[in-house]
Amino acid sequence: MATVESSVTTRHPAANSTEGGERTLVGRIGPWQLVRLINESELARVYVARPADGAADAPASYVLKVLRKEWWRDTHAIEMQRRAAWVGRKVSHPHLLPVLSAGVEQPPFYTVSPKLEGRSLARLLEQQRRLPLALTLWIARQVAEALDALHTTARMIHADVKPANIVVGSDGHATLVDLGFVHTPGESRHWSQRPVYGTLNYMAPETLTSALAASPQSDIYSLGVTLYETICGCLPFIGRDAEHLLRQHREARPECVRLRRPDAPKGIASLIHRMLAKDPLRRPESAAAVAEELIRLEIECFAAQAA
């Protein structure tokens, strides 16, 4: 494990922004040189980084995610960071972002992963609204395969599957990122007690009530919401506020995929609606089963294009 300094040292250069609106912060955490801040949330900050002992002009080909200082005394937040480090090292899969290095025993708590080339699926949807069916199925299948590895190898749930956490390369290669909320199927905390836990638009009904614990089928539901949004160009449920949105997830039926996207084959619509079943037992039995069905649908889609 890397040696970790007791605090994050940063200095602000004269220019505090780079092309694309990213703020520039130069600093160091343990053996890592921070090049610039690329994202931040309520829980963490994410930097592009390089090894501190390397050449000053060496490419910054790593991403370092550090827990914000205000969470350094929160045992749950620290445990989440430690789990992310453990899972990212234990599960090796081409469609799941690995953790290469970590400092999670004392502050500052951080993980280091390779820097991916590509754009998030969320950004692609902002730019294109809807993607071609074949590409959509391919992306979803890759994510399903990553979830299967996570569920079977680490026995963990991702708990935050959404377009913003899927990075798509120029060649269509998809990677599921952000292991910050992984947890075991037996754990259950009511959503209102975990304000940074997942995203309400994509959370399964059982994760929004204290009555049921989450399961691998909860990730399948979130992937179903993502697949619905990518194919239809809109979310299946939109609420006036958080409580209305939660009620939609628990009680409302989404509009039929084929009404939103008439060119979508019946098999695709059927799979999505099964993934969005309110009862986890009515969803596909595993992420592997979802991936297998998506492969078949991909083949059918390509065959229809060639006909």
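What tally of residues in the stretch 124-179 results from selecting those that are farther than 23 Å from GLU300 by Cβ and among the charged types (D, E, K, R)? Count: 6.
Touching a Gly at 6+ places or on another chain (Cβ under 6 Å), more than 19 Å from ILE166 (Cα to Cα), at pLDDT below 95 and not basic (Lys, Arg) - does that describe any residue in the stretch 227-249? Yes - at least one qualifying residue is present in the stretch 227-249. Note on the stretch 23-54: among residues that are under 19 Å from the mean Cα position of the chain (by Cα) and hydroxyl-bearing (Ser, Thr, Tyr), the one that is modelled with the lowest pLDDT is SER41.
Annotation note: of ALA269, ALA264, ALA277, ALA252, the sole residue that is out of contact with any helix residue (DSSP H, G or I) (no Cβ under 6 Å at 6 or more places or on another chain) and surrounded by 17 or more Cβ atoms within 10 Å (Cβ to Cβ) is ALA277. Scanning the stretch 228-276 for residues that are under 19 Å from PRO205 (Cα atoms), assigned to a helix (DSSP H, G or I) and either touching a Phe, Trp or Tyr at 6+ places or on another chain (Cβ under 8 Å) or not assigned by TED's automatic domain parsing to the domain that holds ASN201 (or both) yields LEU245, LEU246, GLN248, HIS249, ILE272, MET275. Please specify each residue of the stretch 55-65 satisfying the condition of being more than 17 Å from the chain's Cα centre (by Cα) and either crowded, with 18+ Cβ neighbours inside 10 Å or in contact (Cβ under 8 Å) with a residue 24 or more places away in the chain (or both). Hits for the stretch 55-65 are ALA60, SER61, TYR62.
The values are calculated or read from the model by the stated rules, or taken from the named source; none is laboratory data. No experiment lies behind these values; they were computed from the predicted model shown. Reconstructed Cβ throughout: ideal geometry from the backbone, glycine too, with neighbour counts over all protein chains shown.
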